[in-house]
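The values are calculated or read from the model by the stated rules, or taken from the named source; none is laboratory data. Small disclaimer: the values here were computed from a predicted structure and weren't measured. Every residue, glycine among them, receives a Cβ derived from its backbone with ideal geometry; neighbour counts consider all protein chains shown.
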Amino acid sequence: MKTTLLLASLAIATVASAAGQTYLEETFSDNTWEDRWTTSSAKLNLGKFELSSGTFYADKDYSQGLKTTEDHRFYSVSTPFSAVADNAKEDLIVQYTVKQEVNQECGGSYIKLLPKGYDAKTFNGESEYAIMFGPDVCGTENRIHVIFNYKGKNYLTKKEFPVPRDSKTHLYRLTVHPDQKYSLLVDGDVVVDKVALEEHWDVYVPRTISDPNDTKPADWVDIKHIEDPTHVKPEGYDDIPRYIADPEAKQPEDWDPEADGEWEAPEIANPDFEEWSPKFIDNPEYKGEWKAAEIPNPEFKEDPELAHYKIGGVGLDLWQVKSGSIFDDIVVTSDSEVADKYLSAWKSNNAKEKELVAALDAAKEKEEEEKRMEAAAAKEEEEKKVDTKEDEKDELDDDEVDETEAAAAAEEEAEEAAEEKEAETEEEEETEEPKAEEVKEEEAKEEPEVEVEETKAEEKTEEPKVEVEENEWKLEVEVEEVEEEVKEEVKETKEAKVDSKEEEKESTQHDEL
């Protein structure tokens, strides 16, 4: 598209026409750009340029331009005109496009129009220029520069024009008219239309000054507001104090006048006091703010050569933190039709680029949304895992509680069983004692001699040496031991009785013999 559009154009040309003259048309459509542009040797380690259409484009051929490729670098290249541009009698139009795919942190994308006879090899940031024009972004500063050099001094416009901040290609056009006015277009939209340079630049001293011999008349009234004479202060207002002693305050009991001085009650706001302030009205005699009469400034001198230049070339002298600026379609001409031709091509490309960028943005948004959904799903899954772990932990805690309760219940059952067994043991003892008594009584009837021994056994049975301990199992053991002892004694008693009867029988038989 670009090749077809500019088939009859040369990268550097001086084309005369009825409408005007063209000094430069640079499209960077071929690989011979380095034959036309000179890299400055004034600085070491300068950033390098390369031809590029960027990472996205509506038309690759149209979008190809000169791209900065290295971050944190100075760039300095320039190209001369084949003829000197002189705008004394015709418009000077400088127009170009910039595509900034990477958001610029601090860097310029402007161009400089260089004076006739400039040195391309020594060209740098300190070199003199006629006009500097284009976007500059650094921190909070975001403006399109329009700087004119006048008598060796650079004047920055007092107006601030914001830089479009997106990744699309933007077109900038500055027109300097021979009547010392200028116009500015951004993306084909008129920002400034034929405004006098002295309105936006302090290149001249003021055309007029206040007459130093003029004085304010004695009867001049410049007081705008006066007090309302009908608004009168209430009678006795000045006699009513704002504060009074607190009537409810009492002197402390421990107050010592000699040591503490005379006691005074603290003050409080007087409830009878009302704030009053005068009201103001417009002064009917006000004549306005007095100013001395203006007279022509004797030091002012209009310069018919203001903003008239003899330009020999154009240069890119930049500092960029983030590289990626693509410069293209640099045109310097006095022919508005030539500039409009490139503007028309830009508009066509811009329409396609908008659609492309919209599609890219939509795809990016979709991708980001999918990532957000994936992240949300992953987070939800992680939360489920956490919840599952917590549920498992709760179940384990419940099992531990159940086991604890079961152990407590078993312990309680064991205690109850021990108490029941103890009660049974006591009941058996109570039952065994009467039986033992009956046996003793019978044995006493049959064998009086054994009474003493049975009595001793009873006493021993009645008073067993059993110490009741806190632990129930020990008590059970001791009770069982006592039972065994009682049983053993009863058994011994019975055996003794039997032996006694045998001895008695043997004695009787012996006597009979």
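For the structure I just gave you, tell me whether T122 is out of contact with any His (no Cβ under 7 Å at 6 or more places or on another chain), in contact (Cβ under 8 Å) with a residue 12 or more places away in the chain and assigned to a loop (DSSP other than H, G, I, E, B). Yes. The single residue among K460, K393 that is at pLDDT below 60 and assigned to a helix (DSSP H, G or I) turns out to be K460. Considering only residues that are outside any loop (DSSP other than H, G, I, E, B), within 21 Å of E353 (Cα to Cα) and under 38 Å from the mean Cα position of the chain (by Cα), which ones fall in the range 25-67? Of everything in the range 25-67, those that are outside any loop (DSSP other than H, G, I, E, B), within 21 Å of E353 (Cα to Cα) and under 38 Å from the mean Cα position of the chain (by Cα) turn out to be S52, S63, G65, L66, K67. Quick check on the range 90-99. Is at least one of its residues touching a residue at least 60 places away in the same chain (Cβ under 8 Å), in contact with an Asp or Glu (Cβ under 6 Å, 6 or more places away or on another chain), of a type in the set (S, T, N, Q) and surrounded by 20 or more Cβ atoms within 10 Å (Cβ to Cβ)? Scanning the range 90-99, I find at least one residue that is touching a residue at least 60 places away in the same chain (Cβ under 8 Å), in contact with an Asp or Glu (Cβ under 6 Å, 6 or more places away or on another chain), of a type in the set (S, T, N, Q) and surrounded by 20 or more Cβ atoms within 10 Å (Cβ to Cβ), so the answer is yes. Take F81 and tell me if it is among the hydrophobic types (A, V, I, L, M, F, W, C), under 38 Å from the mean Cα position of the chain (by Cα) and under 30 Å from T175 (Cβ atoms). No.
Residue-wise test of (1) more than 30 Å from R143 (Cα to Cα); (2) in contact with an Asp or Glu (Cβ under 8 Å, 6 or more places away or on another chain); (3) modelled with pLDDT under 90; (4) assigned by TED's automatic domain parsing to the domain that holds K153.
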position: D179; (1), (2), (3), (4): no, no, no, yes
position: Y204; (1), (2), (3), (4): no, yes, no, yes
position: H225; (1), (2), (3), (4): yes, yes, no, no
position: D228; (1), (2), (3), (4): yes, no, no, no
position: D246; (1), (2), (3), (4): yes, yes, no, no
position: A249; (1), (2), (3), (4): yes, no, no, no
position: P257; (1), (2), (3), (4): yes, no, yes, no
position: A265; (1), (2), (3), (4): yes, yes, no, no
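Just so you know, in the range 54-87 the residues that are more than 30 Å from Y182 (Cβ to Cβ), surrounded by fewer than 19 Cβ atoms within 10 Å (Cβ to Cβ) and hydroxyl-bearing (S, T, Y) include one that is modelled with the highest pLDDT, and it is T69. The condition (being within 44 Å of the chain's Cα centre (by Cα), charged (D, E, K, R) and over 30 Å from E302 (Cβ atoms)) is satisfied by just one residue among D187, D202: D187.
Scanning the range 120-158 for residues that are more than 18 Å from Y204 (Cβ to Cβ), hydroxyl-bearing (S, T, Y) and crowded, with 20+ Cβ neighbours inside 10 Å gives a single hit, Y129. For the range 75-130, the set of residues classified as within 17 Å of K43 (Cα to Cα) and aromatic (F, W, Y) consists of Y75, Y118, F123, listed by residue number. What about L113, is it under 19 Å from E305 (Cβ atoms), touching a residue at least 24 places away in the same chain (Cβ under 8 Å), of a type outside the set (F, W, Y) and crowded, with 20+ Cβ neighbours inside 10 Å? For L113, the condition - under 19 Å from E305 (Cβ atoms), touching a residue at least 24 places away in the same chain (Cβ under 8 Å), of a type outside the set (F, W, Y) and crowded, with 20+ Cβ neighbours inside 10 Å - is met.
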